[in-house]
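Okay, structure first, notes after.
The values are calculated or read from the model by the stated rules, or taken from the named source; none is laboratory data. This structure is a prediction, so every number in the text was calculated from the model and none was measured. Heads up, the Cβs are rebuilt from the backbone with ideal geometry, glycines too, and the neighbour counts pull from every protein chain shown. With ligands, DNA and RNA removed, areas are computed over all heavy atoms of the protein, side chains included. Shrake-Rupley method; radii C 1.70, N 1.55, O 1.52, S 1.80 Å.
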Amino acid sequence: MRQEEEYELARELLFCCIDEVRNRPSTPCIDDILVYFAWICYKDGDGDDEDETDDCEDEDDLEDEESQDDCDETDEDEDCDEIDEDDEYEDDDEIDEDDEYEDDEEIDEDDVTFETEYHNLRSAHELVVAVSDHFTPHWRDTHLWLACLYNECYVNYDDYEIADLPGSHSPNWYGQQAYRYFSKAAEEGQYLAMNMKALFLVMGHQVKPNYDKAYDWFKRSEDHCDESLLWLGHMHYYAQYGRENKRWAISYYMRYIKHRKWEGEGARYMGANYAQASCNLAHLLLHNNSNDDEHRARRLLERVAYFGFTLGDALYGLVLLEGRGGPTDTSKGLRLLRKAANAGDPMAQQMLRFHGY
């Protein structure tokens, strides 16, 4: 079953639930139904697109039937025999391939995705704010999905113009609600909620930063959330978290990269988090004074640069300049170092001075 069909089935089932409880407002699962309905709206819109598509298909079928009837009424000798194959495709020969795909090239996939998410979240908002502030969930994952919806409103408050919607609140209100329900879901054993609660704590969003508590929640979800592995690596890599430990940082970054196979070797995509983990891991491996680790570090940095990320330019430039993990490439190494230095990277500036450039 396709995902669109699954959402449509879920929507139909929820409609049935709503019909059942419409005249029974005290039904314990009414808020759960609102949350589930809001989640479907956010992921799949209001369901009108499919109906419109069906209408269009019905109209096309009707036109085809009418065309067939017209053909049936004509004399058989006047059917397709009189069609000249050269004439039939004459217009196609004149099509300019650049003109044919001109409109497609102007479509930005990111814009399309943004528009979809923009309208979907706004359509879900009315249901989200209608949920009782002190409801007791009937199903164990309701707190998690509600927290995710509040978090989407919080993170995208300005971009999605949440303030213009009826019943809207301040961005801080959505952030506080998100943290509140992530906390409830985390206590209920939801691993995604544990990771999100830890992110709020480590970044100080709507709550006072607490690195120790954040670390504990990341640890509890490390076997179930890739992002928890990433942040455990960060908390052992960066001194600001008070847990600097090279060995543990390497271990967590390697586990994170291993889990993200769709961004690994041979992949056609790399996200910003994967690029950051790769650069940090490469930096740590280069301090091991091992040929194998230097080769691995060089490959990590090479892939980061290949996907257009510049955060590893200084380190990759140094590796090429000094020939670590592979042959020396002075020209490319200097180019990358100078590029990073011009962008204000202090390490690149220091390395250029150290090597006399």
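Across the options F135, G189, L146, the greatest Cα extent toward the positive end of the charge dipole of the range 121-208 (unit charges at beta carbon of Lys, Arg, Asp, Glu) belongs to G189.
On average over all directions, what projected area in square nanometres does the range 131-173 have, based on the convex hull of its Cα atoms?
Values: hull surface 13.3 nm².
Its average projected convex-hull area is 3.3 nm².
Cβ-Cβ distance of N291 and D212, R₀ of 45 Å, FRET efficiency by 1/(1 + (r/R0)^6): the value works out to about 0.70. Averaged over its residues, the range 312-357 has an accessible area of 53 Å² per residue, based on protein heavy atoms and a 1.4 Å probe.
Full extension of the segment from H259 to T330, taken as 0.36 nm per residue of separation minus the current Cα-Cα distance, would add 22.1 nm. The calculated FRET efficiency for the pair R299 and A343, based on their C-beta separation and a Förster distance of 35 Å, comes to about 0.90. Surface composition of the range 116-176: carbon plus sulfur atoms contribute 47% of the solvent-accessible area (1.4 Å probe, protein chains only, all chains present).
For the range 254-311, what class follows from the C-alpha gyration tensor (a ≥ b ≥ c being the square roots of its eigenvalues): rounded when a/c is under 1.5, otherwise prolate if a/b is larger than b/c, else oblate? All intermediate terms of the calculation are to be shown ahead of the outcome.
On the way: a/c = 1.83, a/b = 1.53, b/c = 1.19.
Prolate, since a/c reaches 1.5 and a/b exceeds b/c.
If you take the Cα atoms of the range 122-221, find Rg, then find the Kirkwood Rh from the mean of 1/r over all pairs, what is Rg/Rh? We get a ratio of 0.98 for the range 122-221.
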